[in-house]
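Shown next, in structure tokens, is the structure this report addresses.
The numbers here are math on the coordinates, done by the rules we state, and not lab data. This structure is a prediction, so every number in the text was calculated from the model and none was measured. For neighbour counting, all protein chains shown are included, and Cβ atoms are generated from backbone atoms with ideal geometry for every residue, glycine included.
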Amino acid sequence: MAGRLDGKVAVVTGGGSGIGRAAAALFAAEGAAIAVLDLVSDAAQETVDLIAADGGQALALTADIADGDEVRMAFDRVSTELGPVGVLYNNAGVNSSGSILTSTEEDWDRCMAVNVKGTYLCSAAAARSMTERGGGSIVNQGSVAALVGVANFAAYCASKGAVVALTRSMAVDLATSGIRVNVICPGTVYTPLMRPMLTARGGGDEEKGLAMTIAKYPIGRLGTPEDIARVALFLASDESAFMTGSVVTPDGGMTAQ
């Protein structure tokens with residue numbers, strides 16, 4: 001049976017762990033050749049090895065997505081070694097805790113550099129490649145923190161709100177090139193990125209922070225990387241062909257309250 005991404009080249013940023021690793025493996029299982037881009041080279045290679053063990057094709061790339069030169073070199077390698085990009089999942093991101101009174105300028109700059117500038121740079125590189133092949137799908141990683149106020153996460157909330165606005169702008173700009181752009185705004189997913197947030201919420205106690213966070217979700221649990229990867233696959237595939245500029249919220253009912 002044909003996979004939903006057969007014949008496509010997909011780039012997954014932050015593909016070395018968590019949601020990115022789950023998505024890279026799922027995209028590969030659905031027939032895509034995968035470029036796993038991560039700041040940590042060993043993590044990217046581990047994901048590639050997992051994909052290869054299941055018979056998939058994957059390439060490990062190391063880059064700081066906030067650095068334009070590194071992004072351009074990485075995408076040049078993708079085009080040369082795998083072919084024109086058909087799918088980009090802008091999953092890489094960083095977290096930061098603190099209100100505008102307690103966070104630092106460095107916290108702000110790091111969130112904006114990785115979450116916003118990184119999404120912009122990777123999307124620009126992918127869109128050029130997608131134009132060559134007649135279109136494609138860009139899936140951005142937002143957060144429910146872009147849609148509701150979350151106490152003591154000012155820089156993170158602002159950066160994810162910017163990703164939502166950027167998604168809508170790109171969707172309008174790129175539609176005539178056959179490129180769709182959508183954003184996933186997940187609720188809390190239990191990944192290494194979330195552990196500092198949970199610890200901060202629990203006043204230094206991660207388990208307390210976990211219990212407090214679960215209480216916010218009517219479904220009674222946090223998300224898993226696989227939950228979000230399945231949503232990303234839908235948006236990456238032709239099954240979502242009439243969707244662009246959409247904000248999708250797999251959040252266990254959090255924003256329904």
Return a whole-number percent for the relative contact order of the chain, with Cα pairs under 8 Å and 6 or more residues apart as the contact set.
19
Output the relative contact order of the range 82-221, whole-number percent, from Cα pairs under 8 angstrom with separation of 6+ residues.
26
By per-residue mean of other Cβ atoms within 10 Å, what is the highest-first order of 40-53, 94-107?
40-53, 94-107
Enter the angle in degrees (range 0 to 90, nearest 10) between the Cα long axis of helix 154-174 and the first principal axis of the Cα atoms of the chain, meaning the one along which they spread out most.
30
Give me a comma-separated list of calculated 3J(HN,Hα) values for the range 224-240, in order, Karplus coefficients 6.51, -1.76, 1.60 applied at θ = phi - 60°, integers in Hz, x for any Gly or Pro.
10, x, 5, 4, 6, 4, 5, 5, 4, 4, 4, 6, 6, 8, 6, 4, 10
Principal axes of the range 50-201: Cα extent on each, largest first, Å:
47, 38, 27
Helix 68-81: angle to the longest alpha-carbon principal axis of the chain, degrees 0 to 90, nearest 10?
40
Sorted by packing (mean other beta-carbon atoms within 10 Å per residue), highest first, where do 16-23, 166-173 land?
16-23, 166-173
When Lys and Arg each count +1 and Asp and Glu each count -1, what net charge do the other residues less than 14 Å away from Cys122, Cβ to Cβ, add up to?
-2
Taking the Cβ-Cβ separation of Ala241 and Arg221 as r and a Förster radius of 35 Å, what is the calculated FRET efficiency to the nearest 0.05?
0.65
I'm a student and want to see the number: the projected area of the Cα convex hull of the range 210-257, averaged over all directions, in nm².
4.0
With the Cα gyration tensor of the chain in hand, give its eigenvalues times 5 under a square root as the equivalent ellipsoid semi-axes, listed largest first in whole angstrom.
28, 19, 18
Taking amide hydrogens as modeled 1.01 Å from N in the peptide plane, which residues meet the under 5 Å criterion relative to Ile179, leaving out close sequence neighbours?
Gly136
Mind checking the full-extension length gain between Asp205 and Val40? Use 0.36 nm per residue of separation minus the Cα-Cα distance, one decimal, nm.
56.6 nm
Working only with C-alpha atoms, what are the Rg and Dmax values of the range 167-221, expressed in angstrom?
17.1, 50
The ³J(HN,Hα) series, computed from each phi in the range 42-51 with the Karplus coefficients 6.51, -1.76 and 1.60 at θ = phi - 60°, rounded to the nearest Hz and given as x for glycine or proline, is 5, 5, 4, 5, 4, 5, 4, 5, 5, 5
